[in-house]
1. Those residues that are surrounded by 20 or more Cβ atoms within 10 Å (Cβ to Cβ), of a type in the set (A, V, I, L, M) and closer than 15 Å to HIS419 by Cα, I need them from the stretch 293-320; list them, please.
2. Just one of (1) within 16 Å of the ligand (Cβ to nearest atom); (2) of a type outside the set (Phe, Trp, Tyr); (3) in contact (Cβ under 8 Å) with a residue 40 or more places away in the chain trips up MET84, so point out which.
3. If you check CYS89 against the conditions, is it within 15 Å of the ligand (Cβ to nearest atom), surrounded by 24 or more Cβ atoms within 10 Å (Cβ to Cβ) and in the same structural domain as ALA122 (by TED's automatic domain parsing)?
4. Name every residue in the stretch 259-295 that is closer than 14 Å to GLN224 by Cβ and part of a loop (DSSP other than H, G, I, E, B), in order of residue number.
5. Might you let me know whether the stretch 54-61 holds any residue that is among the polar types (S, T, N, Q), free of Cβ contacts under 8 Å to residues at least 60 places away in the same chain, part of a loop (DSSP other than H, G, I, E, B) and within 15 Å of the ligand (Cβ to nearest atom)?
6. Answer with yes or no whether VAL104 is in contact with a Gly (Cβ under 9 Å, 6 or more places away or on another chain) and within 26 Å of CYS31 (Cα to Cα).
7. If I ask for residues that are crowded, with 24+ Cβ neighbours inside 10 Å and either more than 16 Å from the ligand (Cβ to nearest atom) or of a type outside the set (D, E, K, R) (or both), which ones from the stretch 32-50 would you list?
8. Within the stretch 241-259, count every residue that is surrounded by fewer than 21 Cβ atoms within 10 Å (Cβ to Cβ) and either in contact (Cβ under 8 Å) with a residue 60 or more places away in the chain or under 22 Å from the mean Cα position of the chain (by Cα) (or both).
Amino acid sequence: MTINKEHSRQADYWQPFNHRRVECTLCPRHCRPMHNQVGFCGVRGNEHNQLRTYNYGKSLAATQEVIETEAINHYMPGARILSMGNIGCMMECSFCQNWETSQVKHLNQRLIREYTPEEVVAICVENKIEVLSWTYNDPVVWQEFVAETSRLARQQGIKTLYKSALYIEQAPLDELLKYIDVFSISLKSLSEQFYKKHTRGRLGPVLAALQHIAKSNRHLEVSQLVIPGLNDDEQNLTTTINWIATQLGVDVPVHFVAFHPAYKYTQVQRTDINVLRQARHWALQAGIRSVYMGNVSVDGENDTLCRHCAAPLVRRYGLHAEIVNLDSQGMCRSCGTASPIKMPRDKTLQQDRITLAQDFKHKLYIHWQPDMQSVHIVKTHGEETQDTLQFRIIGDNEAYVREIRHGLDRFILAAQSKHDKGVVMSWNSTNQYDILPLLDRAHYPVTLSSGLEEIPVRVVNG
Ligand code: SF4
């Protein structure tokens with residue numbers, strides 16, 4: 001599969017190389033394609049000695065999620081985000097968690113839609129989404145669309161988030177620093193050999209770019225996917241921890257994230273939670289002040305506590321976050337100490353709870369499983385662009401409603417506590433919805449995942 005080259009436009013960040021080739025200067029790979037050839041990422045190529053970008057505005061369906069899906073815990077906890085993911089990647093990690101969209105050769109074109117920057121911003125505004133997130137595959141290869149749309153979003157007061165492996169040159173990164181508020185960076189390892197062998201990239205440029213962000217005033221959190229047999233040993237983990245502590249600073253929140261077998265690395269199990277706990281312990285010992293575990297649903301262990309009186313400020317369970325003891329200025333309500341949380345949101349924004357009404361006409365039952373605590377709900381049929389959906393936690397007397405408006409056909413639903421057994425979703429419109437299990441955060445499910453064919457969901461119409 002190669003990318004559809006319709007609606008291409010001239011790329012930024014390139015230069016002529018010789019009379020037959022151009023040199024792309026967006027990422028450190030510096031591909032030099034000849035006429036009619038594309039670079040390593042598969043989405044930028046040479047046409048008549050001009051570098052073109054083939055993915056401008058081409059995206060997976062815009063998806064409403066929460067900021068915690070992006071390994072961000074200290075910025076607007078619980079905020080709604082609009083996740084935009086495109087296609088292609090400047091790396092090829094053997095363990096990629098989004099390989100069906102990051103690797104162009106595996107792409108299903110039917111997943112792709114086209115958006116303008118104005119349409120993306122309008123979806124945020126109409127659906128009251130507070131943060132626009134560039135995520136899933138890697139936004140580096142979408143630079144032109146990301147920069148233009150982020151600039152427009154900020155004009156509307158919408159915050160912008162960039163989730164990336166950060167294999168990027170400094171000039172495009174400097175452009176992003178003008179428009180991006182929050183960076184969530186995935187550091188794979190501190191081993192040059194690891195990067196070369198397992199990502200087909202290089203470590204040095206990633207570290208340089210991370211240090212560049214750390215010196216800016218932008219919000220930064222760093223995560224490491226902990227992959228059994230590849231980077232989960234003590235030396236690997238402590239080397240990464242010590243580099244973060246000394247080069248980025250102990251106040252940068254760190255996330256150790258569980259891996260699910262994917263792409264070319266399927267011969268191992270999911271990461272054992274005790275390995276994440278051990279990594280977290282070493283990071284805290286090294287002085288890093290906020291360390292979290294990702295892709296696990298635990299009670300209490302991922303909360304943010306007041307550094308002075310230890311009162312819980314934000315409670316977390318899986319992808320669900322609830323502000324419990326924080327005022328609008330980010331101060332602990334118990335002792336008045338400043339917290340590390342930036343832009344804490346009004347507690348009342350978190351959910352539009354209502355006293356239980358009757359379920360609407362059409363219903364989906366979603367039962368959480370130990371390995372599946374969140375799903376994507378996807379509109380599959382129906383013309384009604386605006387829909388009101390009601391969600392009732394099974395066994396609970398309360399419900400919450402969400403209005404889905406124009407342009408938003410996919411959104412996330414996640415378990416809210418260890419007592420949450422499942423959700424009844426109901427609606428009255430003629431739209432039809434389907435459910436795809438979400439294995440991990442920042443994962444874009446495209447099919448029922450292997451091992452989950454027996455999806456624990458029942459559909460009831462009428
Ligand atoms: S962005 Fe793509 S074409 Fe440009 S140097 Fe990187 S991999 Fe090559």
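1. Correct list: LEU319 only.
2. Failing condition for MET84: (1).
3. Values: within 15 Å of the ligand (Cβ to nearest atom): yes; surrounded by 24 or more Cβ atoms within 10 Å (Cβ to Cβ): yes; in the same structural domain as ALA122 (by TED's automatic domain parsing): yes.
So CYS89 fits the description; yes.
4. Just the residues of the stretch 259-295 that are closer than 14 Å to GLN224 by Cβ, to begin with: 259, 271, 275-276, 278-280, 282-283, 286, 288, 291-295.
Once the filter is applied, which keeps residues that are closer than 14 Å to GLN224 by Cβ and part of a loop (DSSP other than H, G, I, E, B), the stretch 259-295 yields PHE259, THR271, ALA286, ILE288, ASN295.
5. Looking through the stretch 54-61, none of the residues is among the polar types (S, T, N, Q), free of Cβ contacts under 8 Å to residues at least 60 places away in the same chain, part of a loop (DSSP other than H, G, I, E, B) and within 15 Å of the ligand (Cβ to nearest atom).
6. Working: in contact with a Gly (Cβ under 9 Å, 6 or more places away or on another chain): yes; within 26 Å of CYS31 (Cα to Cα): yes.
Against the criterion (in contact with a Gly (Cβ under 9 Å, 6 or more places away or on another chain) and within 26 Å of CYS31 (Cα to Cα)), VAL104 qualifies.
7. First pass over the stretch 32-50, keeping only residues crowded, with 24+ Cβ neighbours inside 10 Å: 39, 41, 43-46.
Residues satisfying the conditions are GLY39, CYS41, VAL43, GLY45, ASN46.
8. Here is the first cut: in the stretch 241-259, the residues surrounded by fewer than 21 Cβ atoms within 10 Å (Cβ to Cβ) are 242-243, 245-247, 249-251.
Now restrict to residues that are either in contact (Cβ under 8 Å) with a residue 60 or more places away in the chain or under 22 Å from the mean Cα position of the chain (by Cα) (or both): 251.
The total comes to 1.
The values are calculated or read from the model by the stated rules, or taken from the named source; none is laboratory data. Since we're looking at a predicted model, the values are computed, not measured. Every residue, glycine as well, gets a Cβ built from its backbone with ideal geometry; the counts of neighbours run over all protein chains shown.
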